[in-house]
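Structure first, commentary second.
The values are calculated or read from the model by the stated rules, or taken from the named source; none is laboratory data. Values in this document were obtained by computation on a predicted structure and should not be read as measured data. Using ideal geometry, Cβ is built from the backbone for each residue, glycine included, and neighbour counts are taken over all protein chains shown.
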Amino acid sequence: MSRVSAPRRARLVATKLKSAPVARPTVPLLRFLGATGTVTGSRFLIDTPRARLLVDCGLFQGLKALRERNWATFPVPPASIEAVLLTHAHLDHSGYIPGLFRAGFRGQIFATPGTHALSRIVLPDSGHLQEEDAAYANRKGFSKHTPALPLYTEEDALRVLQHFREVPFDSPTDVLPGVRATFRRAGHILGSATVAVQLDGARGPTVVFSGDLGRPRHPILRPPAPLPAADVVLTESTYGNRRHEDVESLQRFEATIARTAERGGVMVIPSFAVDRTEVILLHLRRLTQAGRVPLLPVYVDSPMALATLQIYRRALADRSDEVNPELCDGGDPFDPGQLIEARRVEESMAINEERGPAIIISASGMATGGRVLHHLLNRLPDARNSVILVGFQAEGTRGRLLLEGARAVKMLGRYVAVRAEVVNVPAFSVHADQQEILNWLKATPQPPQVTYIVHGEADAAEALHGVIERDLGWTAAVPRYLEQVRLD
């Protein structure tokens, strides 16, 4: 019996699915294909009598049971999906689009210009890293699968980028028959948007998706646009059970740098390559210029982060409407004084010879993969060093294990002792906290019929659910994975 390769098998399945008829519902439906009980895997299916579309198409991250969903058969035939509306370029919202394409999707992806620009960096890089990780696992022999395969390739990502269509902010756009979408500023990362989907014209319901909601005082971007009137709202709840302590967190950041530098250590900062690196560099520049921390070599070791940095610099130079105008003058706000950009693998490997004090900023932000793993492998066993966590750490990630005090973590096929100091600095998060989400919700001209709480772990989602019902008096619900609700 001849064997069929995985890519060819996927193409054969896609061909069969493409020819299958699509069963249309008699009323519009919303199905939660992800981001329920977890922050990751943003995927929401809207089915109407005339159209089928996804809002976001992200990767599941964290726990193995969640990550396995990336490899499972998609809940509906990908070829039957006619469009994707993309809120922003982070992988937990965009990272499965090449996989969807590989499985037969051929519709358009609607996104803002900023999201399109970042997706041109993020998606091919994701495919490339998956190919590299699979190859490394095969060389070292630590994968359970023989051979280890990537979920999709760099070529898959490059091909799907040809299907993007740019949509400006605040411009209602007909995306499919009976479906009109309006993207509004979300203030989370460059290009990020909340999306209002209006079904069947003025007669039908309006559904608003928050995506990842930014903060009213983002250090680089302008605040989120107000929530418009809507019948249904889906709001994120990443920090639905807490409030950010900005002053205390920044003081902790400053003190950690000073303390680690004094003992001659190296600081490793696992950072999301898109936006978080820029925020860290901005704060480092301010602290250095004020003389509050010593001038240190700062390595940015992530080709994706460096490519993103250029897009942010270009947005400032062009005085984009998304950015804080105060940053448009006065030099490069992202240069702390000794910025060293590591693009090539050889440059990344050379950082291992750095004896400190120094700062290494590298992706990924939850230490799930990428170059940061090699730096952690090298630096975690030394008590002089420190690891600074600067964003949400999803359950099941190495970042979460470090945050919870693990004495050893497994990476690259081996367990590594954790002797370095681990410090959490949540002020760098660019997700709205509980009060900021509430403020965004209650500014709407009229309460929605129902608010669904998504993009949060169970405790965070339930906490926000309770606060919305108690403080706003709204009907709210925390949906289950694959649950389906009517929108009529």
Mind checking which residues of region 293-325 are surrounded by fewer than 15 Cβ atoms within 10 Å (Cβ to Cβ) and touching a residue at least 24 places away in the same chain (Cβ under 8 Å)?
-> P294, L295, D321
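A quick yes/no check of all residues on (1) at pLDDT below 95; (2) under 20 Å from H88 (Cβ atoms); (3) within 21 Å of the chain's Cα centre (by Cα):
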{"residue": "V207", "(1), (2), (3)": "no, yes, no"}
{"residue": "G211", "(1), (2), (3)": "no, yes, yes"}
{"residue": "P228", "(1), (2), (3)": "no, yes, no"}
{"residue": "V247", "(1), (2), (3)": "yes, no, no"}
Just a yes or no: is a residue in region 183-194 among the small types (G, A, S) and at positive phi?
-> yes
Which ranges mark the strands (runs of 3 or more DSSP E) fully within region 176-228 that have 1 or more residues being among the charged types (D, E, K, R)?
-> 179-185
Using beta carbons and a limit of 7 Å, which pairs, at least six apart or on different chains, have the first residue in region 108-135 and over 27 Å from S80 (Cα atoms) and touching a residue at least 40 places away in the same chain (Cβ under 8 Å) and the second one hydrophobic (A, V, I, L, M, F, W, C) and crowded, with 24+ Cβ neighbours inside 10 Å?
-> G114/L190
Take F392 and decide whether it is touching a helix residue (DSSP H, G or I) at 6+ places or on another chain (Cβ under 7 Å), among the aromatic types (F, W, Y), crowded, with 17+ Cβ neighbours inside 10 Å and under 25 Å from M267 (Cβ atoms).
-> no
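Would you be able to say whether some residue in region 194-215 is buried (at least 16 other Cβ atoms within 10 Å of the Cβ), over 23 Å from V55 (Cβ atoms) and in contact (Cβ under 8 Å) with a residue 12 or more places away in the chain? Write out each step before concluding.
Going through region 194-215, the residues buried (at least 16 other Cβ atoms within 10 Å of the Cβ) turn out to be 194-200, 204-215.
From what's left, over 23 Å from V55 (Cβ atoms): none.
Within region 194-215, not a single residue is buried (at least 16 other Cβ atoms within 10 Å of the Cβ), over 23 Å from V55 (Cβ atoms) and in contact (Cβ under 8 Å) with a residue 12 or more places away in the chain.
Every residue, every condition in (1) β-branched (V, I, T); (2) in the same structural domain as E68 (by TED's automatic domain parsing); (3) within 21 Å of D125 (Cβ to Cβ); (4) at pLDDT below 95, yes or no:
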position: G369; (1), (2), (3), (4): no, no, yes, yes
position: L373; (1), (2), (3), (4): no, no, yes, yes
position: P381; (1), (2), (3), (4): no, no, no, no
position: V390; (1), (2), (3), (4): yes, no, yes, yes
position: L403; (1), (2), (3), (4): no, no, no, yes
position: V416; (1), (2), (3), (4): yes, no, no, no
position: R419; (1), (2), (3), (4): no, no, no, no
Within region 403-422, restricting attention to residues that are crowded, with 17+ Cβ neighbours inside 10 Å and in contact with a Leu (Cβ under 7 Å, 6 or more places away or on another chain), which residue is nearest to D133 (Cα to Cα)?
-> M411
Any chance you could count how many residues in region 163-193 are crowded, with 17+ Cβ neighbours inside 10 Å and in contact with a helix residue (DSSP H, G or I) (Cβ under 6 Å, 6 or more places away or on another chain)?
-> 3
